[in-house]
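Shown next, in structure tokens, is the structure this report addresses.
The values are calculated or read from the model by the stated rules, or taken from the named source; none is laboratory data. Since the model is a prediction, treat every value here as computed from it, not as a measurement. Cβ placement follows ideal geometry from the backbone for every residue including glycine, while neighbour counts extend to all protein chains displayed.
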């Protein structure tokens, strides 16, 4: 009796086509869901990096499995007389393409292709495609099942010698897939690589077992035709698991995730309400793990940041203090918007610029101040003196300028050392600066020479009182720490406008008066 017969009509019960509807639902589950799965896998892998050969190959493998299920879906919808044609042209041709793609993928993934001659790579993997050409040309149908029969809702292939031979070749081919993975695992440089290859080996072994269990045993009408093609779901599922676990065949921009974690600058990913979704190690060190998990970022920064985010503005070099209980470092914040799981988020880089700001302020300070005594230098003094003279001219006031030189500093350095000399210079600057503050400004001109001016028409009596107080304060300091010494202050004075109307003239007059005092001692 021939095992090939025409398809009959769907069985109906007395209420109509309930049985036909049930068959359609079964087909949607057994073949429609795998088609959706492989569609998702192919799209997911390709979008991860469409420029990478491994991603393209894996996408093609998923599409081939999709075509296998699509062929079986179509074949079980049409008359059984089309089964031989569909099996030969569609199912078998696609099945032969899969091993070549898998070998190509595995050799590319494991980098074993580098040791293969360019003349054979990757063409050797696709030599079995010649069988398809030969089959079509000769009409011998070497690669497809020839006989089918209907049992229940299924159109099943006959489990004959050709079927088992084809299945055995497929199993042997899958076993060969293990060779490049075992070689690559032995050569792997990192534990992560070994883990990737180990998971892929498990996937292939599971696929082989499923192929044997579902392929060699005839389940009749209890299973769909060619049930062993479901092993592709196991293989692709484990591949996807490996991708997510090891960032394997990752998204093109996901390569920057490691930079996110390796960057020493604190980086946080927040939603539009300020909740911290992710933080790198730098952010954890800055904010603390408890703060990250419990406190919105908006509670730690100025309200201006919240306003800019709500207005969807890019944040660029915005400086603000971080409002923590135990510390309040100064931050420079840069931020922009990224889409994560189809939801808008903000990526903030929080650079701690506290020390940088201090260094900048120190550099700016030293541009106008003496590094040892911390009082203004001659550059700032000349600027302020000119301003004070201009004000005195406008208000018709007088101004006094005092040039101060410390006596016997060489003796002090020779006998007590230069550190002691520096301490005396610092103390003298403090004394002169304190006396100048109510009246004007003091500065260090260089070496052991200082200068100050007093505004608002000081009398000669006031100036002499200031001079006496400064000399007395220095003498008391020297006696306290150095005993009886001859270190003191020689001070020359000049007045605006009596002695001159510009700063340099006043300095020259005061300098002459100072040296007259030195000579008189």
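The residue list 392, 465, 420 contains one member that is farther than 30 Å from residue 316 by Cα, surrounded by 18 or more Cβ atoms within 10 Å (Cβ to Cβ) and not assigned by TED's automatic domain parsing to the domain that holds residue 336, which is 392.
Residues that are touching a strand residue (DSSP E or B) at 6+ places or on another chain (Cβ under 7 Å) and over 30 Å from residue 292 (Cα atoms) occur at least once in the stretch 352-369. For the stretch 123-135, the condition of being more than 52 Å from the chain's Cα centre (by Cα), within 26 Å of residue 78 (Cβ to Cβ) and either at pLDDT below 85 or in a loop (DSSP other than H, G, I, E, B) (or both) holds for at least one residue.
The number of residues in the stretch 312-331 that are within 19 Å of the chain's Cα centre (by Cα) and surrounded by 14 or more Cβ atoms within 10 Å (Cβ to Cβ) comes to 2. Here residue 168 passes the criteria (1) at pLDDT 90 or above; (2) surrounded by 15 or more Cβ atoms within 10 Å (Cβ to Cβ) except the one numbered (2).
Looking across 347, 301, 331, one residue alone is within 14 Å of residue 268 (Cα to Cα), modelled with pLDDT of 90 or more and part of a loop (DSSP other than H, G, I, E, B). It is 301.
Within the stretch 353-376, being more than 30 Å from residue 437 (Cα to Cα) and either at pLDDT 90 or above or assigned to a loop (DSSP other than H, G, I, E, B) (or both) holds for one residue alone: 353. What's the number of the condition residue 105 fails, among (1) free of Cβ contacts under 8 Å to residues at least 60 places away in the same chain; (2) more than 23 Å from residue 130 (Cα to Cα)? The number of the failed condition is (2). With respect to the conditions (1) at pLDDT below 90; (2) outside any loop (DSSP other than H, G, I, E, B); (3) over 21 Å from residue 53 (Cβ atoms), residue 145 falls short on a single one, namely (2). Taking (1) closer than 16 Å to residue 92 by Cα; (2) touching a strand residue (DSSP E or B) at 6+ places or on another chain (Cβ under 8 Å) in turn, residue 149 satisfies each apart from (1).
Note on the stretch 474-502: residues that are surrounded by fewer than 20 Cβ atoms within 10 Å (Cβ to Cβ) and within 18 Å of residue 388 (Cα to Cα) amount to 7. Testing residue 361 on (1) within 30 Å of residue 424 (Cα to Cα); (2) in the same structural domain as residue 497 (by TED's automatic domain parsing), one condition comes back false. Which one is that? The single condition residue 361 does not satisfy is (2). For the criterion of being in contact with a helix residue (DSSP H, G or I) (Cβ under 6 Å, 6 or more places away or on another chain) and over 19 Å from residue 399 (Cα atoms), residue 452 fails. Among the residues of the stretch 279-295, some residue qualifies, meaning at least one is assigned to a strand (DSSP E or B), under 13 Å from residue 348 (Cβ atoms) and at pLDDT 90 or above.
The rows are residues; the columns are (1) at pLDDT below 80; (2) in contact with a strand residue (DSSP E or B) (Cβ under 7 Å, 6 or more places away or on another chain); (3) assigned by TED's automatic domain parsing to the domain that holds residue 174; (4) surrounded by fewer than 18 Cβ atoms within 10 Å (Cβ to Cβ).
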| residue | (1), (2), (3), (4) |
| --- | --- |
| 4 | yes, yes, no, yes |
| 28 | no, no, yes, yes |
| 36 | no, no, yes, yes |
| 53 | no, no, yes, yes |
| 66 | no, no, yes, no |
| 71 | no, no, yes, no |
| 75 | no, yes, yes, no |
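Restricting attention to the stretch 213-220, does a residue exist that is crowded, with 19+ Cβ neighbours inside 10 Å, at pLDDT 80 or above and in contact with a helix residue (DSSP H, G or I) (Cβ under 6 Å, 6 or more places away or on another chain)? Within the stretch 213-220, one or more residues are crowded, with 19+ Cβ neighbours inside 10 Å, at pLDDT 80 or above and in contact with a helix residue (DSSP H, G or I) (Cβ under 6 Å, 6 or more places away or on another chain). Figure legend. Inter-residue proximity from the stretch 257-270: first residues without any contact (Cβ under 8 Å) to a residue 12 or more places away in the chain and outside the structural domain of residue 350 (by TED's automatic domain parsing), second residues surrounded by 14 or more Cβ atoms within 10 Å (Cβ to Cβ) and in a helix (DSSP H, G or I), beta-carbon distance below 7 Å, spacing 6+ or different chains. No pairs are indicated. Of 85, 101, all but one fail to be at pLDDT below 90 and either assigned to a helix (DSSP H, G or I) or surrounded by 21 or more Cβ atoms within 10 Å (Cβ to Cβ) (or both); the exception is 85. Being loosely packed, with under 13 Cβ neighbours inside 10 Å and in a loop (DSSP other than H, G, I, E, B) is a property that residue 458 lacks. On the given criteria, is residue 296 surrounded by fewer than 17 Cβ atoms within 10 Å (Cβ to Cβ), free of Cβ contacts under 8 Å to residues at least 40 places away in the same chain, in contact with a helix residue (DSSP H, G or I) (Cβ under 6 Å, 6 or more places away or on another chain) and closer than 21 Å to residue 338 by Cβ? Taking the combined requirement at face value, the residue does not satisfy it. For residue 303, state whether it is in contact (Cβ under 8 Å) with a residue 40 or more places away in the chain and over 14 Å from residue 349 (Cβ atoms). Considered against the rule, which asks whether it is in contact (Cβ under 8 Å) with a residue 40 or more places away in the chain and over 14 Å from residue 349 (Cβ atoms), residue 303 comes out as no.
Residues are listed down the side, and each one gets a yes or a no for (1) surrounded by fewer than 17 Cβ atoms within 10 Å (Cβ to Cβ); (2) part of a helix (DSSP H, G or I); (3) in contact (Cβ under 8 Å) with a residue 40 or more places away in the chain:
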{"position": "163", "(1), (2), (3)": "no, yes, no"}
{"position": "175", "(1), (2), (3)": "yes, yes, no"}
{"position": "180", "(1), (2), (3)": "no, yes, yes"}
{"position": "184", "(1), (2), (3)": "no, yes, yes"}
{"position": "192", "(1), (2), (3)": "yes, yes, yes"}
